[in-house]
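Below is a structure I'd like to ask you about.
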Amino acid sequence: MNRIGVLVVDDHPLFRRGLRMGLEGERDVLIVAEAADGPPAIQAADQFTPDVVLLDVSLPTMSGFDVARAIKRRHPATAIVILTMHEDDGHLFAAIRSGAEAFAPKAIEIEELVRLIRHLAGADADAPAPIFTAARLLDEVRTGTRRGVAEESDYSPLSPREIEILGFVSQGLSNKEIAGILHISDQTVKNNITSILRKLQVNDRTQAVIYALRHGWIDIGSEEAG
């Protein structure tokens, strides 16, 4: 039986130990290495070429998102799961931009984490429902795209102001925070977001951001998240 190789990256020994204890009972999962920071994590990925990396966002010297990008450049087939205590939109979108395949809370049940690992390794068709996977969100966005507009088209039906607001949404800012930055009313922000959803024919802010990211209308840089 081929076992799924997993690299665990977290700067808290207790958390790493808990993951190891939880995963060691799975016959098809093997923790090939552990790392407490970005540089040794990248070295471990080079040495062991894991199938899945469980990666904390908060590391001593590197953002987890930067580590994800570095590993994906070297090992495109390695699946990366961002584990974080921050479940806001800003972290979610940064995870997508880093190339991660999944984004899950650190409080995830071990059974769900095992299912996610198997799903990303191709051993289980279904991912746990509460967990973000890039494929799932992008499929939702593709379902909602407007007919007649090519997915990779540079054409944007959004106004410059709407794109600006969507960029702030991608950073996880609330309507009130966006209104304060742009010196406009909360209602004006709401009206713009309603217009964005209508024009893109998507159901919510997350889908709108993913749609815009795919088309290159907005960009999310590296997040030095904690």
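The values are calculated or read from the model by the stated rules, or taken from the named source; none is laboratory data. The model shown is predicted, which means the values in this text are computed figures rather than measured ones. Here Cβ is always computed from backbone atoms with ideal geometry, including for glycine, and neighbour counts include all displayed protein chains.
Just one of ILE96, ILE117, ILE165, ILE108 is outside the structural domain of VAL189 (by TED's automatic domain parsing), of a type in the set (Val, Ile, Thr) and at pLDDT 90 or above; which is it?
Details: ILE96 fails: at pLDDT 90 or above; ILE165 fails: outside the structural domain of VAL189 (by TED's automatic domain parsing); ILE108 fails: at pLDDT 90 or above.
Every option except ILE117 fails the conditions.
Return the total of residues in the range 49-61 being buried (at least 18 other Cβ atoms within 10 Å of the Cβ) and either more than 21 Å from the chain's Cα centre (by Cα) or not charged (D, E, K, R) (or both). Before the answer, list the steps.
Taking the range 49-61 first, the residues buried (at least 18 other Cβ atoms within 10 Å of the Cβ) are 50-57, 59.
Subsequent filtering for residues that are either more than 21 Å from the chain's Cα centre (by Cα) or not charged (D, E, K, R) (or both) retains 50, 52-55, 57, 59.
Qualifying residue count for the region: 7.
Select the strands (runs of 3 or more DSSP E) contained entirely in the range 22-111, then report the ones holding at least 1 residues which are small (Gly, Ala, Ser).
Values: elements: 29-35, 52-56, 79-84, 102-105.
Output list reads 29-35, 79-84, 102-105.
Further, regarding this structure: Tell me which residues, restricted to the range 172-192, are surrounded by 13 or more Cβ atoms within 10 Å (Cβ to Cβ) and in a loop (DSSP other than H, G, I, E, B).
Listed by number, the residues that qualify are GLY172, LEU173, SER174, ILE184.
Cβ-Cβ distance below 7 Å, separation of 6 or more or different chains: which pairs start in the range 62-88 with a residue that is modelled with pLDDT under 90 and end on one that is assigned to a helix (DSSP H, G or I) and crowded, with 17+ Cβ neighbours inside 10 Å?
From the range 62-88, the pairs are THR84/HIS91.
Filtering the range 33-48 down to residues that are of a type in the set (A, V, I, L, M, F, W, C) and closer than 15 Å to ARG73 by Cβ, which residue is surrounded by the most Cβ atoms within 10 Å (Cβ to Cβ)?
First, pick out the residues of the range 33-48 that are of a type in the set (A, V, I, L, M, F, W, C): 33, 35-36, 41-42, 44-45, 48.
Narrowing further to those that are closer than 15 Å to ARG73 by Cβ: 41-42, 45.
Details: ALA41: 27, ILE42: 20, ALA45: 25.
Top of the filtered list is ALA41.
With respect to ARG17, is the statement that it is within 22 Å of ALA107 (Cα to Cα), basic (Lys, Arg) and surrounded by fewer than 23 Cβ atoms within 10 Å (Cβ to Cβ) true?
On the way: within 22 Å of ALA107 (Cα to Cα): yes; basic (Lys, Arg): yes; surrounded by fewer than 23 Cβ atoms within 10 Å (Cβ to Cβ): yes.
Yes; evaluated as a whole, the condition is true for this residue.
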